[in-house]
Amino acid sequence: MTEAEKHDIKSLLPNELEEALKALGEPKFRAKQIFTWLNRGAVSFEEMTNLSKPLRAKLDDAFYITAPRVARRQVSQIDGTVKYLWELRDGNAVETVVMSYRHGNTVCISTQVGCRQGCAFCASTIGGLVRNLTPGEMLDEVLFSQLDSGMPISNIVLMGIGEPLDNFENVQKFLKLVNHPDGMNIGMRHISLSTCGLIEKFDELAALDLQLTLSVSLHAPDDETRSRLMPANRGRGVDALIDACERYFEKTGRRISFEYAMIDGVNDTPAEAKLLAKRAKKAHAHVNLIPLNHVEERQFGPSKPEALRTFIKILEDEGVNVTVRRKLGGDVEASCGQLRRKAAQKKE
Ligand code: SAH
């Protein structure tokens, strides 16, 4: 086969790999061997020494193995956060961040090259959507971050570049791959999926009955501000979003987390805190306040400490479970598509 005709082997689930091997006239058990090699980071069929040479050649003729190249690696001097800019097979780039917490290492992965959701405060969306990541490319982010950093990964957050529910099929497959006992075997309870609120996908996600945590990027409790900040709110609305969250909670029994970036003078008044508390209680949601990261191209700034304190107090007085996200990797532009953006600007 020519390079262009070859198939992406890492995006195949073990049962699909079995089918593919059957088509090559090979026994099923080879699938498990190959899956294991791929999930340990093998970058060529040559390395798969428990397969015969003719089989390795046959596989090499039919498939390719993705392996992103480290285009840039930045290690925070403050807290050890590692940020990767990966160059993919087609030359596109995405970011992955590895953060160290008391409970283990968390990797924050991208789900798309670019993003088409257009959030006003976010760097990832500035150049629009280029393409979806494949299941194998998302797996590679976890796998190669672990291999390169030497930090064993126990948790995954889908909070990097892109909107996971806008690439839902590939994301579902990625979750199955990374959760597989013969692969990285990362438990669903250790995975969080963050969305800007594509509510038409919520029921489908709930029906899958995964044990993952759903995070909803709320950022404003009213339609006027939310639609201004997040175009995804237009035509959907906060009421419908809260209803969808409530249904999700009722179906899965799992508490949703509201992400709320505190933006100076935009969404941080006491009135907004009160409305947020009402919304959070209706949706049975936990609130995670995020100090806004300044993005060069955006005019927004983080809330003043005093506004943050008042905001938290109102939520707590209302009985809402609230946490403030610790800022990690502040010296390595470890957030929200900033590194990819920098690299793109250099090329421009
Ligand atoms: N598309 C998904 C996941 C990617 S964004 C989503 O919208 O949830 C991950 C989180 O970072 C989201 O909560 C997003 O709103 C937030 N975010 C984006 N830009 C930010 C910035 N400049 N400062 C703080 N948080 C930001």
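Some points to look at:
- In the context of the full set of protein chains, residues of the chain present 44 Å² of accessible surface per residue (probe radius 1.4 Å, heavy atoms only).
- A simple count of charges around ASN155, restricted to other residues whose Cβ falls under 12 Å of its Cβ and scoring Lys, Arg +1 and Asp, Glu -1, yields +2.
- Within the assembled protein chains, the solvent-accessible surface assigned to VAL142 is about 0 Å², based on a 1.4 Å probe.
- Using alpha-carbon coordinates, inclination of helix 168-179 to the longest axis of the chain, degrees: 70
- Accessible area of region 1-111 belonging to carbon and sulfur atoms, whole % at 1.4 Å probe: 51
- Reachable lysines, given that their alpha-carbon falls under 17 Å from the alpha-carbon of LYS83 and they are not under 8 places away in the same chain: LYS327, LYS342
- Helix 338-347 axis, angle to the chain major axis (alpha carbon atoms, nearest 10°): 70
- Listed by chain and number, the lysines whose C-alpha is less than 24 Å from the C-alpha of LYS281, apart from same-chain residues fewer than 8 away, are LYS201, LYS251, LYS313.
- Size of electric dipole in region 18-143: Cβ of Lys, Arg +1 and of Asp, Glu -1, about Cα centre, debye, nearest 20: 140
- Using only alpha-carbon positions in region 1-85, the gyration tensor eigenvalues give semi-axes of 31, 14, 12 Å once each is multiplied by 5 and square-rooted (largest first).
- Charge sum, other residues only, whose C-beta stays under 10 Å from THR195's C-beta, Lys/Arg counted +1 and Asp/Glu -1: -2
- Reference-scaled alpha-carbon Rg (2.2 N^0.38 Å with N residues) for the chain: 1.04
- Area of CYS115 that stays accessible when all protein chains are in place (1.4 Å probe, Å², to 10): 10
- Relative to the dominant Cα principal axis of the chain, helix 29-39 is inclined by about 50°.
- Proximal charge balance of ASN233 [Cβ under 9 Å; K/R count +1, D/E count -1]: +3
- The Kirkwood radius of region 68-168, taken over pairs of alpha-carbon atoms, gives through the Stokes-Einstein law at 4 °C and 1.567 mPa s a diffusion coefficient of 94 µm² s⁻¹.
- Expressed as a fraction of 2.2 N^0.38 Å, the value expected for a compact globular protein of N residues, the C-alpha radius of gyration of region 37-81 is 1.72.
- Accessible surface of region 207-277 [probe 1.4 Å, protein heavy atoms]: carbon and sulfur percent: 47
The values are calculated or read from the model by the stated rules, or taken from the named source; none is laboratory data. Quick caveat: nothing in here was measured; it's all calculated off a predicted structure. Neighbour counts are summed over all protein chains in view; Cβ atoms, including those assigned to glycine, are modelled from backbone coordinates with ideal geometry. Side chains included, ligands, DNA and RNA excluded: accessible areas come from the protein's heavy atoms. Shrake-Rupley method; radii C 1.70, N 1.55, O 1.52, S 1.80 Å.
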